[in-house]
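Chemist: The following block contains the structure, expressed as structure tokens.
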Amino acid sequence: MNTENNLFSSVQLGAYTLPNRIVMAPMTRLRAVNSIPNSLMATYYAQRASAGLIVTECTMVSPLSNGYMNCPGIYSTEQVEGWKQVTEAVHAKGGKIFLQLWHSGRVSHPALLNGELPVAPSAIASPGSLHTPIGKVNLDTPRALETEEIPEIVAQFRQGAENAMTAGFDGVELHGAFGYLIDQFLQDGSNQRSDIYGGSIENRARFLLEVMDVVTSVWGSDRVGIKLSPSNTFYGMQDSNPKATFSYVIDALNRYNLAYIHLMEPNESDLATREVLNPVLPIFRPIYNGTIITNGGYDKSKGNTVIAAGDAHLVSFGKLFISNPDLPQRFVADAELNAPNPKTFYGMGDKDLEQGYTDYPALAV
């Protein structure tokens with residue numbers, strides 16, 4: 001145990017030396033009206049720039065990757081210009097910010113896709129429902145991607161990575177978790193293909209690794225991370241052997257020398273749904289040679305413990321950063337934390353977009 005390392009010690013993360021190990025986790029907040037980032041989002045992220053690293057909310061790489069109303073994209077000129085407001089505001093406060101590249105896959109609906117069916121590895125519907133312009137709807141059965149279509153999706157991630165660089169980000173994180181497209185290819189409950197992208201673990205991991213190849217070719221490996229959730233049950237995700245599947249993937253990622261892997265622990269819903277890998281970190285930490293960000297139910301004390309033990313290098317916080325824009329300062333001062341309002345997590349409150357977003361108070365100076 002290295003007691004010198006804690007949440008407040010500096011750390012090398014890929015190309016960057018960060019002042020602390022407190023990461024703002026990516027969180028879907030749905031304030032990008034018409035999918036274009038705006039000045040309100042710039043205020044929100046800048047308020048939280050004292051994090052060692054900010055990872056943005058999931059961001060669409062194409063119009064047909066959309067899964068939520070008012071989710072931002074990174075495929076149009078207007079979106080790139082909108083994100084420039086965000087990166088400039090965060091950098092003005094001395095922060096570092098990575099964009100999370102995302103494709104929703106089957107977690108969508110024609111009402112969000114100009115009438116087109118969602119695409120996925122296989123034509124298997126996900127359980128659940130979504131809010132759309134026509135109201136709350138159940139998820140449709142997606143259209144299985146043809147083999148020759150998949151390189152086009154990979155190219156969309158490449159373009160998203162290039163656009164993120166143009167927008168002034170410090171790096172990117174691939175969203176490989178929580179039942180979206182990369183995860184859908186990876187796990188055999190959602191991938192029942194018989195071509196080179198299905199069947200064996202090696203084939204199911206092919207899409208993830210092809211996307212990683214193109215994104216790292218744009219950014220360099222030391223400015224790229226990936227988020228994985230081996231115990232996730234969101235949207236009906238399951239795998240017949242998650243330990244073997246994710247062990248293969250995490251070992252394969254060693255060759256890239258990435259900035260980090262963002263590894264999710266199971267949440268209460270995962271644990272209640274079925275028996276899942278728990279805890280995740282001790283299973284996969286010995287396999288990965290690089291930097292790990294851990295996430296899942298951490299507070300200051302648990303965060304300091306996991307870092308001092310050397311089991312992870314950084315800790316990401318979600319809900320605590322929603323309601324505490326100055327979370328690192330509050331941790332340092334052992335100050336009382338603001339309570340979050342779950343009603344405004346995913347979009348506007350009763351009054352306006354600012355409610356439950358940019359109106360949480362910071363500590364008095």
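Chemist: Assuming ASN304 fulfils every condition listed in (1) under 17 Å from the mean Cα position of the chain (by Cα); (2) crowded, with 18+ Cβ neighbours inside 10 Å apart from one, which condition is it?
Modeler: (1)
Chemist: Now a separate question. List pairs: first residue in the stretch 159-181 and more than 24 Å from GLY95 (Cα to Cα), second residue in a loop (DSSP other than H, G, I, E, B) and among the aliphatic types (A, V, I, L, M) anywhere in the structure, Cβ distance under 9 angstrom, at least six positions apart or on different chains.
Modeler: That search, which allows pairs on different chains as well, returns GLN159/VAL61; GLN159/ILE74; PHE178/VAL107; PHE178/MET237; GLY179/VAL107; GLY179/MET237; TYR180/VAL107; LEU181/VAL107.
Chemist: Next question. Could you look through the stretch 26-42, keep only residues that are in contact (Cβ under 8 Å) with a residue 60 or more places away in the chain and touching a helix residue (DSSP H, G or I) at 6+ places or on another chain (Cβ under 7 Å), and pick out the one that is least open to solvent (accessible area, probe 1.4 Å)?
Modeler: The qualifying residue least open to solvent (accessible area, probe 1.4 Å) is ARG31.
Chemist: Do we have VAL332 as open to solvent by 60 Å² or more (accessible area, probe 1.4 Å) and either in a helix (DSSP H, G or I) or in contact (Cβ under 8 Å) with a residue 60 or more places away in the chain (or both) here? Please lay out each step first, then the result.
Modeler: Working: open to solvent by 60 Å² or more (accessible area, probe 1.4 Å): yes; either in a helix (DSSP H, G or I) or in contact (Cβ under 8 Å) with a residue 60 or more places away in the chain (or both): yes.
So VAL332 fits the description; yes.
Chemist: Please tell me if ASN38 is closer than 28 Å to LEU113 by Cα and modelled with pLDDT of 95 or more. Give the derivation first.
Modeler: On the way: closer than 28 Å to LEU113 by Cα: yes; modelled with pLDDT of 95 or more: yes.
Here the answer is yes, as ASN38 does meet what is asked.
Each row is one residue, and each column tells you yes or no for (1) charged (D, E, K, R); (2) modelled with pLDDT under 95; (3) open to solvent by less than 20 Å² (accessible area, probe 1.4 Å).
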| position | (1), (2), (3) |
| --- | --- |
| PRO242 | no, no, no |
| LEU258 | no, no, yes |
| HIS262 | no, no, yes |
| ASP270 | yes, yes, yes |
| LEU281 | no, no, yes |
| PRO286 | no, no, no |
| THR294 | no, no, yes |
| GLY297 | no, yes, no |
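Chemist: Taking the stretch 155-183 only, how many residues are open to solvent by less than 10 Å² (accessible area, probe 1.4 Å) and either part of a helix (DSSP H, G or I) or of a type in the set (Ser, Thr, Tyr) (or both)?
Modeler: The qualifying residues number 7.
Chemist: So which of LEU186, LEU208 is buried (at least 24 other Cβ atoms within 10 Å of the Cβ), out of contact with any Phe, Trp or Tyr (no Cβ under 6 Å at 6 or more places or on another chain) and aliphatic (A, V, I, L, M)? Explain how you work it out, then say what you get.
Modeler: Numbers: LEU208 fails: buried (at least 24 other Cβ atoms within 10 Å of the Cβ).
Testing whether each residue is buried (at least 24 other Cβ atoms within 10 Å of the Cβ), out of contact with any Phe, Trp or Tyr (no Cβ under 6 Å at 6 or more places or on another chain) and aliphatic (A, V, I, L, M) leaves just LEU186.
The values are calculated or read from the model by the stated rules, or taken from the named source; none is laboratory data. Given the structure is predicted, the values throughout are model-derived calculations rather than measurements. Here Cβ is always computed from backbone atoms with ideal geometry, including for glycine, and neighbour counts include all displayed protein chains. What goes into the accessible areas is simple: the full protein's heavy atoms, side chains included, and nothing from ligands, DNA or RNA. Shrake-Rupley method; radii C 1.70, N 1.55, O 1.52, S 1.80 Å.
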